[in-house]
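The block underneath contains the structure these notes are about, expressed in structure tokens.
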Amino acid sequence: MNIFSDFQEQVLKAVLALQSAGQLPDNLDLSKVTAEPPRDIAHGDISTNAAMVLAKPSDLTPRQLAEKLLPLITAFASVQSASVAGPGFINVTLKNDVWPRVINTVLERKEKFGHSKLGSGKKVNVEFVSANPTGPLHVGHCRGAVFGDALASLLKVTGFDVTKEYYINDAGAQVDVLGRSAYLRYLEALGENIGEIPSGLYPGDYLKPVGRELARLHGRALIGKPEEEWLPVTRQKTIDMMMDLIRDDLAELNIHHDIFFSERSLHSSGEVREAIERLEKQGHIFKGKLEKPKGEVPLDWEDREQTLFRATAFGDDIDRPLMKSDGSYTYFASDVAYSYDKISRGFEELVYVLGADHAGYVKRLQAVAAALRGDRKAEVIVRLCQLVKLYRNGEPVRMSKRAGEFVTLREVVDEVGPDVTRFMMLYRKNEAPLDFDFAKVTEQSKDNPVFYVQYAHARICSVLNKAQEQGIGTGDWTSADFHLLSDESELRLMRAIAAFPRLLEAAAVAHEPHRISFYLHELASELHALWNKGKESPQLRFIVEADKRTTTTRLAFLTAIRYCLAIGLGILGLTPAENM
């Protein structure tokens, strides 16, 4: 039961009734009519913008149209009262008997409450993390990893067909540098004195196990060979071991991708050439020179005539080079082929989760997809995750000794746990900077949001377990009468539960899983408030020994709240706590 979508359907029927009566034109676009919770709870339970969005094409003012709709909306069976507010919004207060129906729906749907068919099976590719396999994941990757995984989960429960993908950057100069760095560690493992790691190579200790494994596999056989012989060996073994390390790190956060896609495979399969030939046939490739960019000059910029993709024709700031002076493809050419591959696999939404330092990629990715998709539906959506700053009791955290240059994802998870890490990474909008204080995120107080939410779930489990021990919490809620729940605290909780399905759909459309963490915190706050109220008012306690009917009702109510908390935590990738 989604009271907002149900109400929206009723509003649309009211509009159709006015059209049938000749009071509104027939050709109205009804797609922008919404039914949402009002910003201020004092304005009621639901607000619709129908009059606002339909007034102009109806040659009416919003208030004139709202006055026409008002009597029809007031007549809805679920409506207690309705009024026109401001320039033409219609605010509605629902009858109290709506809320018991919502709770019954939760108890019927259980773990599936809030799930919907909003996405209608649309194929969505969510690509996230995609860090270069040149070392362990750092805390910056952590935020994008958690965000991408939670977004994919959110889209799944709202009816989208989601594939979680990791793009392995295993081609290009950076993996050659990686192979050379590993070769030094290989020499070190064989007892050779390698001295200081030269500038430009990767210095981290994480490559020492790679060196030892190369020494175990090859002994001294690679020593003395020319680079063109040993580099492919060290490069591939290092990539494989780094990807194993990355998979293990992600698994610690309960993140598992469906596909790990190799950039190198695009070249070996001929997909890079095929994608560029497709652009060429469409007239999107030309020969020309690029102006020297203002500010910092990109590494791939060359002052010569080049093979260029006409990206500016599709909204990009500049045209993009596809070939280097030595005849090899640019990194951007791989991006073209990868987009073409995704579109060819039938994805209708290509979601990229990138770090804030990749903001410049947005227009070029959109331009490539626009040029390649043809008659296919393939929308590019980029979500940027801002930096994470680590603190301990307000003091900045120093860099990792093992990684050499950054704090690793694994170090964060090992210290505070995966659930705390995930929740706190999602307790801010992805585009907002995030301060992560190790002391604050692990303290057991109401000021710690993850503890506050988990404690609410654990409290409910404690009551339900106690009731079961007393033989009154059997799980048979057929005798529950939710009309008995009339205290304002109880009504607020029921309204919050009723908003959950709409919250999930709105978060999915906006690609904002942080909305769920905010919702869970608010729901937990209402639950704790009711709990504290019961300390002063015994009639509001969850177990009233002298009143079995009320007790059964309140236990059923707690069960419904627990489902919402557990479902929301599950989407965020957390395991709901049963005791604390």
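Quick notes on this one:
- Each Lys or Arg adds one and each Asp or Glu takes one away; over the other residues whose Cβ falls under 10 Å from the Cβ of Leu409, this sums to -2.
- Bridges between two residues of the chain, per DSSP, are antiparallel at a rate of about 45%.
- Computed over the chain, the per-residue total of -39500 (n - 2.57) for DSSP H runs of n ≥ 4 gives a 222 nm mean residue ellipticity of -15500 deg cm²/dmol, rounded to 500.
- Taking a Cβ cut-off of under 12 Å around Ala508, the surrounding Lys, Arg, Asp and Glu residues balance to a net charge of +2, with basic ones at +1 and acidic ones at -1.
- Pairwise centroid distance, computed over Cα atoms, of segment 119-192 with segment 449-508, Å: 38
- Taken along the Cα-to-beta-carbon direction at a fixed 7 Å, the label points for Asp6 and Asp303 span 7.1 nm.
- Normalised by the number of residues in the chain, the average gap of Cα pairs under 8 Å and 6 or more apart makes the relative contact order 16 percent.
- Residue-span extension gain [Asp258 to Gln64] - 0.36 nm each, minus C-alpha spacing: 64.5 nm
- Note on segment 173-252: with charges restricted to the Cβ of Lys and Arg (+1) and Asp and Glu (-1), its dipole about the Cα centre is near 260 debye.
- Residues Glu277 and Glu192, FRET efficiency given R0 of 45 Å [Cβ-Cβ distance, rounded to 0.05]: 0.45
- Calculated FRET efficiency for the pair Thr442/Ser265, C-beta based, R₀ 45 Å, to 0.05: 0.60
- Under 12 Å, Cβ to Cβ, from Val162 - net charge with Lys/Arg +1 and Asp/Glu -1: -3
- Förster-model FRET efficiency, 51 Å R0, Asp375 and Lys95, C-beta, rounded to 0.05: 0.55
- Virtual spin-label span in nm between Glu488 and Gln468, 7 Å along Cα→Cβ: 3.6
- Here each label is just a point 7 Å from Cα along the line to Cβ, and for Asp357 and Gln19 those points are 5.3 nm apart.
- Measuring nothing but how far apart in sequence close Cα pairs (under 8 Å, 6+ apart) lie, relative to its length, segment 173-252 scores a relative contact order of 40 percent.
- Contour excess over end-to-end distance, with Cα ends at Ser199 and Leu217 and 0.36 nm allotted per residue: 3.7 nm
- Size of electric dipole in the chain: Cβ of Lys, Arg +1 and of Asp, Glu -1, about Cα centre, debye, nearest 20: 680
- Column: log10 I(q)/I(0), Debye, Cα scatterers of segment 3-95, q = 0.11, 0.16 Å⁻¹: -0.26, -0.56
- Our coupling estimate for segment 105-112, obtained by passing each phi through the Karplus curve with A = 6.51, B = -1.76, C = 1.60 and θ = phi - 60°, is 5, 4, 5, 7, 7, 6, 5, 9 Hz, Gly and Pro reported as x.
- Extension gain for Tyr331 to Ala77 (0.36 nm times residue separation, less C-alpha to C-alpha distance): 85.4 nm.
Each value in this text was obtained by applying a stated rule to the coordinates, not by laboratory testing. As the structure is a prediction and not an experimental result, all values here were calculated from the model. All Cβ positions, glycine included, derive from the backbone under ideal geometry; neighbour counts span all protein chains shown.
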